[in-house]
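Structure first, then comments.
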Amino acid sequence: MNRFMAVERALRTAPPYALADIVSRELAGLYAAEAVEFLLADYSLTMLQPVTTPPHALPPVSLHNGPAGRAFGAQEPFLENLVDDRLRVHLPVSVHGDRLGVLTVTLPDSEDTRAALPELAEIAQVLGHEVLVADRETDLYLQTRRQDRLTLAAEMQWQLLPGHSCSLPEFELGAQLEPAYAMHGDNYDWSSTADRLTLYVSNGMGEGIEAALLTNLAVNALRNARRAGIPLADQAALADQAVYAQYRGHRYLSVLMLDFDLATGRTRVVDAGCPQLLRLRDGAVEHVGFEAQLPLGMFEETDYVAQELQVEPGDRLVFVSDGVYTVASPKGEPYGDAALTRAIQSTRLLPASEVPGAVLRELTGHRGTTPPDDDALVVCLDWHGR
């Protein structure tokens, strides 16, 4: 059995809470690693926290500065040449483009070590897969990811979200919600098959637990209809009935629903509310509007109609909630279309996974020191097609 297979087997058979210890032990024994550190990104994507038992026994490091942050952002190994002929390599830990953290390994700088770097990068990916599996059986990695206590509403919302990013040959997705530790009703969801990508961007009415409960009901109703193979417009109608049955029109949820054909870029769209879509094509940013339909749950038995959108290779689609548009500066000026267009232009060279965080940082600069009074959601989709 070669070294890589031995480490992979050890991780797959490890207790869920012991992945950091097992990868450290195996890399020390099989690759002569002198030090191993496994770091996970926090919910707000600002810090990398070492995985320890108990959690937070070691201080976090910045995700935006330093070698580990560079490996995380670029999703490429980053090498540091140390004194005494040693090498420190920072390896991104991700699963299908969902960026989880960084595995940092210090080794002797030798020909054998450099030849083993591709194997070490693969081990980091195996580690990522095992963390996602382990999350079903231990709270350790979920605790490590939080730099502050989540509100109960935020806890419910994070359990509903698919991840921060996703990358497949036909597309790349990135998403971020702020405030990450106290969000309310904004949400996104995606699912892909061999032929299609389905994406929902939603905004539930209200605040706190009430908004989180509404969003959980609506998103799970949409998922239930989607998993039954029901067309997009009928998904909206069934979710609309579920929300109305519970709230009788007193609470409702706005959602923008898209169903992409991966082969052709032909897209069916249901616009049931306020999430906005902007498209960057050939260097120009334009607002993409649809015929507005009623939010889910506003009235009983609403009929929804799917509209058409053609997506071209090279398009970047940016979805934002009303919590982005309405943020006011200290002088009372709303963020608005002009500022958002500038933000999309200024981030055009970043990968899709980095765009939401960059736009939200610009939004924070616009707001100043005033605490946010609403969720702000940004989702970025880069379309490659086939």
Residue-span extension gain [residue 53 to residue 331] - 0.36 nm each, minus C-alpha spacing: 95.4 nm
In terms of the charge dipole of the chain, which places +1 on Lys and Arg and -1 on Asp and Glu at the beta carbon, the residue among 29, 325, 152 farthest towards the positive end is 29
Taking the solvent-accessible surface of protein heavy atoms with a 1.4 Å probe, what is the per residue accessible area of region 9-49 in Å²? 42
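With r defined as the distance between the Cβ atoms of residue 210 and residue 138 and R0 fixed at 30 Å, what FRET efficiency is calculated, to the nearest 0.05?
The value I calculate is 0.50.
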When the chain is fully extended, how far beyond the present Cα-Cα distance does residue 114 get from residue 168, taking 0.36 nm per residue of separation? 16.6 nm
Inter-part gap, Cα centre of region 241-306 to Cα centre of region 45-78, in whole angstrom, is 36
Å² per residue, accessible surface of region 90-161 at 1.4 Å: 42
Return a whole-number percent for the relative contact order of the chain, with Cα pairs under 8 Å and 6 or more residues apart as the contact set. 14
Summing Lys, Arg as +1 and Asp, Glu as -1, what charge do residues with Cβ under 12 Å from the Cβ of residue 305 carry, residue 305 excluded? -4
If we sort 258-264, 316-322, 171-177 on the protection proxy, mean other Cβ atoms within 10 Å, highest first, what's the order? 171-177, 316-322, 258-264
In degrees, nearest ten, helix 208-227 long axis to first principal axis of the chain (Cα): 90
For region 228-386, what's the relative contact order in percent, using C-alpha pairs closer than 8 Å and at least 6 residues apart? 25
Considering the chain as a Gaussian network with a 10 Å cut-off on Cα pairs, which listed residue, 269, 133, 219, attains the greatest mean-square fluctuation? 133
Looking at region 277-357 from every direction and averaging, what is the projected area of its Cα convex hull in nm²? 7.4
For region 299-369, what's the relative contact order in percent, using C-alpha pairs closer than 8 Å and at least 6 residues apart? 29
Using only Cα atoms, find the angle between the long axis of helix 117-134 and the longest principal axis of the chain, and express it within 0 to 90 degrees, rounded to the nearest 10. 50
What nm distance separates the two modelled labels at residue 149 and residue 193, each placed 7 Å from Cα along Cα→Cβ? 4.4
What is the angle, in °, between the Cα long axis of helix 232-247 and the longest principal axis of the Cα atoms in the chain? Nearest 10 is fine, range 0 to 90. 80
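Report the charge-dipole magnitude of region 242-340 in Debye, nearest 20, computed about the Cα centre from +1 at each Lys and Arg Cβ and -1 at each Asp and Glu Cβ.
On the way: 8 positive and 15 negative charges, 69 e Å.
That gives a dipole near 340 debye.
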Rolling a 1.4 Å sphere over the protein heavy atoms, what is the accessible area per residue of region 250-386, to the nearest Å²? 45
For the chain, the percent of accessible surface on carbon and sulfur atoms (probe 1.4 angstrom, ligands and nucleic acids excluded) is 51
What FRET efficiency do you get for residue 294 and residue 62 if R0 is 41 Å and r is their Cβ-Cβ distance, rounded to the nearest 0.05? 0.40
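The values are calculated or read from the model by the stated rules, or taken from the named source; none is laboratory data. Fair warning: this is a prediction, and the values are worked out from it, not measured in the lab. Note that each Cβ is placed from the backbone with ideal geometry, even for glycine, and that neighbours are counted across all protein chains shown. Side chains included, ligands, DNA and RNA excluded: accessible areas come from the protein's heavy atoms. Shrake-Rupley method; radii C 1.70, N 1.55, O 1.52, S 1.80 Å.
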